[in-house]
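Beneath this line is the structure, given in structure tokens, with notes to follow.
The values are calculated or read from the model by the stated rules, or taken from the named source; none is laboratory data. What you see is a predicted model, and the numbers here were worked out from it, not measured in a lab. Backbone-built Cβ (ideal geometry, glycine too); neighbour counts: all protein chains shown. What goes into the accessible areas is simple: the full protein's heavy atoms, side chains included, and nothing from ligands, DNA or RNA. Shrake-Rupley method; radii C 1.70, N 1.55, O 1.52, S 1.80 Å.
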Amino acid sequence: MTTVSSSSALTSSGTLSSPGIGSGLNVTSIVNSLMAINNQPLTNLQNQASTLNGEISAYGQLSSLTSALGDAASTLSSVVLWKSVAATSSNSSAVGATATTGAAAGSYSVSVQQLAGGQTVSSAAFANSSATLGTGTLTIQLGSYSGSGSGATFTAQSGSSPVAITIDSSNTSLASIASQINAANAGVSATIINDASGARLALSSTATGTINAFQITASNLGPAGSSGSDLSALNYDATAASSPMTRNQTAQNANATVNGIAVSSYNNTLSGISNGLTLNLQQTTTSPVTISVSPDTATITKDINAFVSAYNALNSYIHTETAYDPTTKTAGTLQGDFATTNLLSQLRNVVNNPSSASSVFSSLSDVGISIQKDGSLAVDSTQLSAGFANLPEMQKLLAANTGLDASSGYITRFANMTQAVLTPTSGSIATGSSALQAMLKDNSSQQASLQTRLAAMKTALLAQYQALDTTMAQNTSLANYMTNSLTAMTASSSSSSG
């Protein structure tokens, strides 16, 4: 009897090694098609998440631009700004000037007879900077000289102690001595000056003024070096009949007259020469220099323009994000968003509502700040300059803060408005952004839950079609077996009868 084996698609456990082999069905395609339908809610959630992320990003930019407007408004409404002053000089190359808040407005006539300077001395010429002197100690003392010649005296600087610099046998070259003086921070700087005669050690006061002159004393002298000189070649004392070092410049104070009053200074910066005013003396003068101190309208103008730029940036962004293009049928990310359209309305209200803060000006346009057709602001520099002629009233119009909108300045209103919409717990922008974040979080949770259910659904569908495929394969195998058996039996009967 002929034996017929079952289909090779069946495994030893009676299941199929791959879906569809037993039945000829494309099981994977069928399951994927069914899952595509069931995946639609997930796709909808993913699209919603993309929209929410876009809105959250747009809210972030909206918040940033609103904050920038608030910062610009706070700067422009600052009391310090409106009290600021600026100093100008008719000859800034000779006398510079700076003024701080509190400086009295006015004019100052300044003449400079002498600039402050430090003492400089130099040694005799040596062969080169490698020439060596003897060993010993150099002592440097800061102070001031009075008198001249045999009657000169030296007075040590109050609070200044002499600085001793030890020159040992390994560091006696001219260059090394200069480095050691510089490292000692004794109020004196050293350098090597080279010319046709050789190398000289030059010493200069690090600070100007008569109190920063100096003496140099060499002591504990060792043998002379290769230069043939011992360390005493670097002695300097203006009260002595002669010194090895030569004084090239005498320490001196700056001398000037301010509004006819003689003034003297150890340096060339006359700090607080008048309350809040500092003069920087740079050249002697042959005619008086006029210093003018007046309100700092240049900085106020800059801050007004910065505010207008911040306002226009926010205005433009809101228009773009809330627009609808009928041609492309595309809406801006924040089109129809209540908080955004309400913010635009608040901006318009601040600009358009008059203020009683000033008795001279009642609107922004009175000082050259006007609203345009597209909602932006523009500055008329000529009209703005005219407004500066009455600076106190202009300050009131822009920066008065009475606690009431009707009598507060326009810029103060903007500062208050932006602060309100950005307040974390109650501001419309802050709460709108928080609501979007909450919706996105909920969306993420729904996606995760749905993905779990869809994964289970796909597993169940595959199992169902696997079982169907296995059953169909088994039925096909049995039918083949029966057919083969009948065929074999028929053939055997035919053979027997023959």
So for region 116-133 (the condition being under 22 Å from Asn268 (Cα atoms), of a type outside the set (Asp, Glu), loosely packed, with under 15 Cβ neighbours inside 10 Å and within 47 Å of the chain's Cα centre (by Cα)), does at least one residue qualify? no
Are any residues in region 25-70 open to solvent by 70 Å² or more (accessible area, probe 1.4 Å) and either touching a strand residue (DSSP E or B) at 6+ places or on another chain (Cβ under 9 Å) or within 22 Å of Gly336 (Cα to Cα) (or both), and if so, which ones? Asn44, Gln46, Asn47, Gln48, Ser50, Thr51, Asn53, Ser57, Gln61
In region 346-378, what count of residues is obtained for those that are open to solvent by less than 50 Å² (accessible area, probe 1.4 Å) and of a type in the set (Gly, Ala, Ser)? 9
Mind counting the residues in region 369-383 that are touching a residue at least 60 places away in the same chain (Cβ under 8 Å) and part of a strand (DSSP E or B)? 4
Take the conditions open to solvent by 30 Å² or more (accessible area, probe 1.4 Å) and under 33 Å from the mean Cα position of the chain (by Cα) and apply them to Ser385. Does it pass? yes
Filtered residues of region 276-306 (kept if more than 18 Å from Ser107 (Cβ to Cβ) and β-branched (Val, Ile, Thr)): Thr284, Thr286, Thr299, Ile300, Thr301, Ile304
Name the one entry in Ser161, Ser170, Ser111 that is of a type in the set (Gly, Ala, Ser) and either in a helix (DSSP H, G or I) or buried (at least 17 other Cβ atoms within 10 Å of the Cβ) (or both). Ser111
I'm checking my understanding of the structure. Among residues of region 71-93 that are more than 16 Å from Tyr410 (Cβ to Cβ) and in a loop (DSSP other than H, G, I, E, B), which one is least open to solvent (accessible area, probe 1.4 Å)? Ser84
Filter region 237-265 for residues that are within 21 Å of Thr206 (Cβ to Cβ) and part of a strand (DSSP E or B) and give the result. Thr246, Arg247, Asn248, Gln249, Gln252, Ala254, Ser264, Ser265
Would a scan of region 432-444 turn up a residue that is basic (Lys, Arg), under 30 Å from Asn342 (Cβ atoms) and open to solvent by 70 Å² or more (accessible area, probe 1.4 Å)? yes
